[in-house]
Amino acid sequence: MRDQPELDVLLKTEETFPPPPGFAASAELSDPEVYDRAAADPEAWWADWAARLDWMEPWDTVLDWSDPPHATWFAGGKLNVSANCLDRHVAAGNGDRVAYFWEAEDADAPGQEDRGRKAITYSWLLDQTQRFANVMKGLGVGKGDVVGIYMPMVPEAAVAMLACTRIGAIHNVVFGGFSAESLKERMEVSGAKLLVTADATLRRGSPMPMKASIDSIFDELEEMSSVVVVNRCDTDPPMAEGRDHFWAESVEAADPVCEPEPMDAEDPLYLLYTSGSTAKPKGIMHTTGGYLTQVAATHQMVFDLKDDDIFWCAADIGWVTGHSYIVYGPLANGATSIMYEGAPDYPQKDRWWQIAARYKASILYTAPTVIRSFMKWGEELPAKHDLSSLRLLGSVGEPINPRAWLWYHKYIGGGHCPIVDTWWQTETGAIMISPLPGITTTKPGSATVPIPGIEAAILDSEDNPVEEGGGTLVLTRPWPAMARTLFNEPERYVETYWKRYGPDTYLVGDAAHIDEDDYFWIVGRIDDVINVSGHRLSTMEVESALVSHPGVAEAAVIGVSDEATGQAIISFVTPQDASNRGDDFTTELRQHVAERIGKLARPRGIYYADDLPKTRSGKIMRRLLRDVADGKALGDVSTLKDPSVIDDLKAQISGG
Ligand code: WT7
């Protein structure tokens, strides 16, 4: 573990923001008493939320924590996620309710009139889900099988996820921006039998092939027997006879009825691979009953969801935010959401505000990095649109600096929308620390306090709870949506999260401060994870991508703060051939990383050194590299094997 990052982006403002009186008066939760009630009996609190779902069999026990860190929630209970997200709303007469207003990136391009915008109802989703579930069954997929999903932001992505839950298959969604190589690795380690993908995805108006770009991986994936391809862009992708099937034809031919499989509360729901502190991604496994309970509960209480809300979570379905707050939370609650396919600045930089105004979005949930881009583009752009429908704003993925918070509040929220800064992780499955907008007085930059039923603490270097000040963030009570294990790596799960402080204290991996009002200020990661635009990458992953290039002898990667993306990746490389230091080589290496992992992992800068700064025992001194990159005065370098390498690096950095 490295030392804690500083609070540099979190310079406090003194201003605080109580819930606007009108907002508090109509909020479902407006009495701070809920915190005490939930703390007095957390199991009863979560059981109340769970009872809002449809259970095929009631549970016997809310929580079994007799064998920590292995929790069992709602043991004995049976339910089906798709039935909770779809059937029950249709049965209640809400089949015509819109689940998603889907907006294509090129919605206004000529010829898109009939396919650029779709109002997707709960009935339509249910029909497509049942049909696609039958398609999968026909391809030999059953309960417990793993299904890969590698898709653009199209409605079929949500259908594919829901169809998996219908038959008890376990989905493994891989963000569409990851490379073929990353996709292959994630399919291989999870033993996926089927992949659902698209012919292509739109990138700033032009199709970027998906199916063709991943075609080479299938030969090496022994367990993968079928591929289903959504035709998004009419690009006529290569299709292997017998293995590859088009979505539309298969779904049309399928039986429209597929009864939902009764699943145990603890049956696996999905896997989502995320970066850890080694090169090998971790397969976070979520299960059924507890996960659905907490995503539905948090979507309801944190966003103070009302019947007529138009909810817009502007994340990608390929990340946990999309899983929990585009798909499962909103659908379980029968909400109406916006699903937008494309980039925030295509075809023009006010694209989002055009969408928000068109559909009268009332809740917007996005990441600080996007807010900072909008800040840069100027407040004139949102000002051109009627954003008066907005009543609540949310932030997620990284600390939000107070300047961005205040800008978001003023120029997007018109000064009257509360902001919920929600802290959570892929592992936690659902929101953990966040204001409740009808109760909590917010402080820009702080995620405030754990939601009712959740307990967090900050521990100092002697493992004692900190009353006021900084330390390591831990969670001290099990919660329903917690990851249950790492797929096929149960020891790594215990080792990574539950060893440092014992089996009933979850190690988050974030540094945080707690202030005089017991508000939490999350600072950033304390492990070798870099958070680029709210996306998690590990230094080891990028390092191993770099050294897999034949021209690289050695590489070290660090995260540095970046005004736009929160953190950025900087790498230090020792080339095989010392003369390989120029811009061409840098371009080649960045391209190589894009191919190995994905564009999001490309280093912002690459610096070259004949040797990397190492201790005498050969350990790369990353802290020193970080100081060099930040232009900081260097501390003690006496442990360095060859101090001259530092001067070379310094010269490159100051030279731009
Ligand atoms: C890490 C988790 C949660 C979905 C998106 C990211 C950072 C997340 C906040 C926040 C400060 C935050 C943490 C966390 N993070 N939300 N509101 N304030 N930091 O999920 O990829 O699993 O990353 O993102 O460092 O550990 P993830």
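The values are calculated or read from the model by the stated rules, or taken from the named source; none is laboratory data. Source: prediction; values computed, not measured. All Cβ positions, glycine included, derive from the backbone under ideal geometry; neighbour counts span all protein chains shown. These area figures cover heavy atoms from the full protein model, side chains too; ligands, DNA and RNA do not enter into them. Shrake-Rupley method; radii C 1.70, N 1.55, O 1.52, S 1.80 Å.
Some observations on this one:
- Cα gyration tensor shape for the stretch 528-655, rounded if a/c is under 1.5, else prolate or oblate: oblate
- Computed label-point distance, nm, for sites I653 and S638 using a 7 Å Cα→Cβ extension: 2.2 nm
- V449, V560, reordered so the largest accessible area comes first (probe 1.4 Å): V449, V560
- Residue-wise HN-Hα coupling along the stretch 511-525, computed from phi with Karplus coefficients 6.51, -1.76, 1.60 (Hz; x: Gly, Pro): 8, 8, 10, 10, 9, 5, 9, 6, 7, 8, 10, 7, 9, x, 6
- On the stretch 78-274, 48 percent of the accessible area sits on carbon and sulfur atoms, based on a 1.4 Å probe.
- Antiparallel beta bridges, as assigned by DSSP with both residues in the stretch 88-222, represent about 55 percent of the total such bridges.
- FRET efficiency for the E259 to E28 pair, using the beta carbon distance and R₀ = 30 Å, is estimated at 0.35.
- Per residue, the convex hull volume that the Cα atoms of the stretch 588-656 enclose (Å³): 106 Å³
- A simple rule links phi to the HN-Hα coupling: the Karplus curve 6.51 cos²θ - 1.76 cosθ + 1.60 with θ = phi - 60°, which for the stretch 106-116 gives 9, 3, 9, 6, x, x, 8, 2, 9, 10, x Hz, with x for Gly and Pro.
- Length-normalised contact order for the chain - Cα pairs under 8 Å, 6+ apart - percent: 14 percent
- For the chain, the membrane-span-like helix rule (DSSP H, alpha carbon extent of at least 18 Å along the helix axis, mean Kyte-Doolittle at least 0.5) picks out 155-167; this says nothing about an actual membrane.
- Separation of the A279 and D345 label points, Cα + 7 Å toward Cβ, nm: 3.4 nm
- Spatially, the stretch 88-115 and the stretch 583-656 are offset by 48 Å when compared through their Cα centroids.
- Per residue, the chain exposes 38 Å² of accessible surface when a 1.4 Å probe is rolled over the protein heavy atoms with every protein chain present.
- Debye log10 I(q)/I(0) for the chain, one point scatterer per Cα, at q = 0.06, 0.08, 0.09 Å⁻¹: -0.32, -0.58, -0.75
- Element breakdown for the stretch 528-655 at a 1.4 angstrom probe: carbon and sulfur atoms account for 47% of the accessible area.
- Once backbone amide H atoms are built at 1.01 Å from N, V523 has A511, A512, H513 as its partners under 5 Å, excluding neighbours fewer than 5 places away on the same chain.
- Cα centroid of the stretch 487-545 to Cα centroid of the stretch 139-199, whole Å: 26 Å
- Taking all protein chains as shown and a probe of 1.4 angstrom, R622 keeps an accessible surface of around 60 Å².
- Calculated FRET value between H385 and S206, using beta carbons and R₀ = 22 Å, to 0.05: 0.25
- Shown in residue order for the stretch 479-489 are the 3J(HN,Hα) couplings computed by the Karplus curve 6.51 cos²θ - 1.76 cosθ + 1.60 at θ = phi - 60°: 9, x, 8, 4, 4, 8, 6, 9, 3, 6, 9 Hz (x for Gly and Pro).
- Relative to the Cα centre, the charge distribution of the stretch 528-632, modelled as +1 at Lys and Arg Cβ and -1 at Asp and Glu Cβ, gives a dipole magnitude of about 360 debye.
- Across the stretch 528-655, the mean sequence separation of Cα contacts (distance under 8 Å, 6 or more residues apart), normalised by length, yields a relative contact order of 21 percent.
- Taking the protein heavy atoms of the stretch 303-416 in the context of the full set of protein chains, the accessible area attributed to carbon and sulfur is 52 percent at 1.4 Å.
- Listed pairs K143/K280; K376/K650; K384/K410; K143/K184; K360/K384; K376/K632 exceeding 19 Å between Cα atoms: K143/K280; K376/K650; K143/K184; K376/K632
- Accessible heavy-atom area order of S617, S216, highest first, probe of 1.4 Å: S617, S216
- Using C-alpha pairs under 8 Å with a sequence gap of at least 6, the mean separation divided by the residue count of the stretch 78-274 gives a relative contact order of 25 percent.
- When both bridge partners sit in the chain, DSSP labels roughly 60% of those beta bridges antiparallel.
- Per residue Cα convex hull volume in Å³ - calculated over the stretch 78-274: 119 Å³
- S30 sits with roughly 60 Å² accessible to a 1.4 Å probe, with DNA, RNA and ligands left out of the calculation.
- At R0 = 25 Å, FRET efficiency that the Cβ-Cβ distance of W377 and D584 yields, to 0.05: 0.20
- Taking 7 Å steps out from each Cα toward its Cβ at A248 and M56 produces label points 3.4 nm apart.
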